[in-house]
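Here's the structure we're looking at; comments come further down.
The values are calculated or read from the model by the stated rules, or taken from the named source; none is laboratory data. These numbers come from a predicted model, not from an experiment. Glycine also receives a Cβ, built like all others from the backbone with ideal geometry; neighbour counts cover every protein chain displayed.
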Amino acid sequence: MESQLGGRSEEEEVAAAMEAQTDVDLLKKAWRNEKAAPEILQFEAGLVQRAREQIQLLEETVEEFTENRSDDLVVPLYQMDLDRALFLLRSYLRIRLQKIEKYKVHISKTNLWNRLSEQEQRFAKRCIDIMEKHLDQSVLSRLPYGYQSMLKQSISSEEDDMVPEPQLNTYVFCKSKSDVGAFQLDDMGEEIVDLVADDLYVLRYNSIKGLVDGGRIDLV
Amino acid sequence: MAGQSDPHLSIFTPAEVEFLAEDELVEIVPNIRMDALNMICGDFGPFFPQISTKVPIWLAVALKKRGKCSIRPPEWMSVERLTHVLEAERESPREFQPLPFHYIELSKLLFEKAHDDIPDIYMVRSLIEDIRDVRFHKVEMGLEKISGRTHAVKLKNLSAMEVNIVRPFMVRALQAFYKHGSPEMIPQPELTVSRTQVLDRGPRVGFLTVAILRPHRFSNIFLVELLKICYVILVLIVIK
């Protein structure tokens, strides 16, 4: 079992070594970006799947070790590694759920819906249904006609103005992985910033959204 | 941080910043023989007595606790280097000296768990505290310079913990300046007097937070100034 585990993680290491990053590093990066970004980012399905498999494998290994050996040293260490990986995974999923809960209606009405995994989409739908039912029963059905919508303030509203949206122009701390050079921050071409690799910047999230999606900038 | 009105603005708790720092590699000298560890986060070992090897600091601390190794303090943590850095910090009021990104967390962990492995630990400790003070003072000075014309802030060589401490205040300050200084109206639903009242009583937290960040609906400048003063005081309290 140990050599199997060693063999598999070696293969994955070689593959990951091409990018010089383990799945844990990638998960850490995804976690940080998700925490710092005001809107929900693309779900890392492949990464989460791989992480889950590795964690499951390690769990089984640890179980075996605890039964067979009475090695007080190695087992707690593997357990710690397991706990750390689990924490990362859970925290990543939890922060996404938090964002979904906060902006569920907005997400369901825009193409952000595609950034959710299947389970998250089911969760969001149920959340919206429950919320609608609750608001309807407790408040909306007793309001005068014309004000009973959960989405619009009144029938005369042109858009869905009761829907909270994420604040995209909030400022975030970020580090660029490579030199991006002169970068335009806004549409009017007035604000230009020179982004050098490994320097820390505080910028509006709006301006660097594209770079974050492309993985060229990391949020800190 | 005490007194945070919006816990989400500080993004990471200090414990989480430490968690991130714990993956940094550090050199240890084991005193036992152990097979290689094939973990999810990487492969380490095999371990031989008296042969130094690099492991993440969480692993090093765990081994140290069980008395299975001694930790070699990283190069930047010598009295010589730190004195040099401190002098350089004091001499350049606008720049931060290059230090490891997690120097605060690393030094705290090592002081707590491996104090017998660090030569001159009291000197090193006081040097690092002085460096922290000087750097944070620079951050505070820099914060005063933020104005309506600031569209980006460059913080070269700032460390993870310092970023996390200053993040809420800086984000709020920059956002307030952006909203007030922006020449065009922020695109938002049209606000008439009656709608303002409905929004205030809205059941969703989203609108309440949005209301705080859009103080122009209330007596704008005075409130913003008051908020700024409160935050500066809170920041100073935390630093002290």
Being under 30 Å from B:GLU89 (Cα atoms), modelled with pLDDT under 85, surrounded by 14 or more Cβ atoms within 10 Å (Cβ to Cβ) and not polar (S, T, N, Q): is that true of B:VAL153 here? yes
Out of A:LEU112, A:LEU93, I need the residue that is surrounded by 14 or more Cβ atoms within 10 Å (Cβ to Cβ), farther than 25 Å from A:TYR171 by Cβ and among the aliphatic types (A, V, I, L, M). Which one? A:LEU93
Every residue in the stretch A:137-169 that is charged (D, E, K, R) and surrounded by fewer than 14 Cβ atoms within 10 Å (Cβ to Cβ), please. A:ARG142, A:GLU158, A:GLU159
Does the stretch A:187-199 include one or more residues that are more than 8 Å from chain B (Cβ to nearest Cβ), over 27 Å from B:PRO98 (Cβ atoms), of a type in the set (A, V, I, L, M) and in contact (Cβ under 8 Å) with a residue 60 or more places away in the chain? no
Restricting attention to the stretch B:87-111, and to residues there that are modelled with pLDDT of 90 or more and among the charged types (D, E, K, R), which single residue is surrounded by the fewest Cβ atoms within 10 Å (Cβ to Cβ)? B:GLU91
Output the residues belonging to the stretch A:108-142 that are small (Gly, Ala, Ser) and away from chain B (no Cβ under 14 Å). A:SER108, A:SER117, A:ALA124, A:SER141
Odd one out for A:SER156 among (1) of a type in the set (S, T, N, Q); (2) in a helix (DSSP H, G or I); (3) farther than 28 Å from A:ASN206 by Cα: (2)
Would you point out which residue out of A:TYR201, A:TYR205 is closer than 22 Å to A:ILE40 by Cβ and of a type in the set (Ser, Thr, Tyr)? A:TYR205
Could we say that A:VAL105 is over 24 Å from A:ASP218 (Cα atoms), within 11 Å of chain B (Cβ to nearest Cβ), of a type in the set (A, V, I, L, M, F, W, C) and not in a loop (DSSP other than H, G, I, E, B) here? yes
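Yes/no matrix, rows are residues, columns are (1) closer than 25 Å to A:ASP161 by Cα; (2) surrounded by fewer than 19 Cβ atoms within 10 Å (Cβ to Cβ); (3) modelled with pLDDT under 50:
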residue	(1), (2), (3)
B:SER147	no, yes, no
B:ARG172	yes, no, no
B:PRO183	yes, yes, no
B:ARG195	yes, yes, yes
B:ASP200	yes, yes, yes
B:HIS216	yes, yes, yes
Restricting to the stretch B:36-60, and then to whatever is aromatic (Phe, Trp, Tyr) and part of a strand (DSSP E or B), can you tell me which residue is nearest to the chain's Cα centre (by Cα)? B:PHE44
Please tell me if A:LEU112 is over 24 Å from B:PRO56 (Cα atoms), modelled with pLDDT under 90 and outside the structural domain of A:GLN21 (by TED's automatic domain parsing). no
For B:HIS84, which of the numbered conditions (1) at pLDDT 90 or above; (2) within 14 Å of chain A (Cβ to nearest Cβ); (3) over 25 Å from A:GLU60 (Cα atoms); (4) outside any strand (DSSP E or B) fails to hold? (2)
Can A:LEU86 be described as of a type in the set (A, V, I, L, M, F, W, C), surrounded by 13 or more Cβ atoms within 10 Å (Cβ to Cβ) and within 11 Å of chain B (Cβ to nearest Cβ)? yes
In the stretch B:120-159, which residues are of a type in the set (Gly, Ala, Ser) and either in a helix (DSSP H, G or I) or outside the structural domain of B:PHE96 (by TED's automatic domain parsing) (or both)? B:SER126, B:GLY142
If a residue must be touching a strand residue (DSSP E or B) at 6+ places or on another chain (Cβ under 8 Å), assigned to a loop (DSSP other than H, G, I, E, B) and under 17 Å from B:ALA160 (Cα atoms), how many such residues does the stretch B:87-115 contain? 0
So for the stretch B:20-33 (the condition being out of contact with any His (no Cβ under 9 Å at 6 or more places or on another chain) and either hydroxyl-bearing (Ser, Thr, Tyr) or part of a helix (DSSP H, G or I) (or both)), does at least one residue qualify? no
If you take the residues of the stretch B:133-184 that are within 20 Å of A:CYS174 (Cα to Cα) and of a type in the set (Asp, Glu), which of them is nearest to the other protein chains (Cβ to nearest Cβ)? B:GLU162
Just one of (1) closer than 25 Å to B:ASN157 by Cα; (2) without any contact (Cβ under 8 Å) to a residue 12 or more places away in the chain; (3) basic (Lys, Arg) trips up B:ARG66, so point out which. (1)
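Output the number of residues of the stretch A:28-71 satisfying the condition of being of a type in the set (D, E, K, R), within 12 Å of chain B (Cβ to nearest Cβ) and in a helix (DSSP H, G or I).
At the first step, the residues of the stretch A:28-71 found to be of a type in the set (D, E, K, R) are A:28-29, A:32, A:34-35, A:39, A:44, A:50, A:52-53, A:59-60, A:63-64, A:67, A:69, A:71.
Still in the list and also within 12 Å of chain B (Cβ to nearest Cβ): A:28-29, A:32, A:34-35, A:50, A:52-53, A:59, A:69, A:71.
Remaining after also requiring in a helix (DSSP H, G or I): A:28-29, A:32, A:34-35, A:50, A:52-53, A:59.
Counting residues in the stretch A:28-71 that are of a type in the set (D, E, K, R), within 12 Å of chain B (Cβ to nearest Cβ) and in a helix (DSSP H, G or I) gives 9.
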All-but-one check, A:SER176 against (1) surrounded by fewer than 16 Cβ atoms within 10 Å (Cβ to Cβ); (2) within 13 Å of chain B (Cβ to nearest Cβ); (3) modelled with pLDDT under 85, failing number (1)
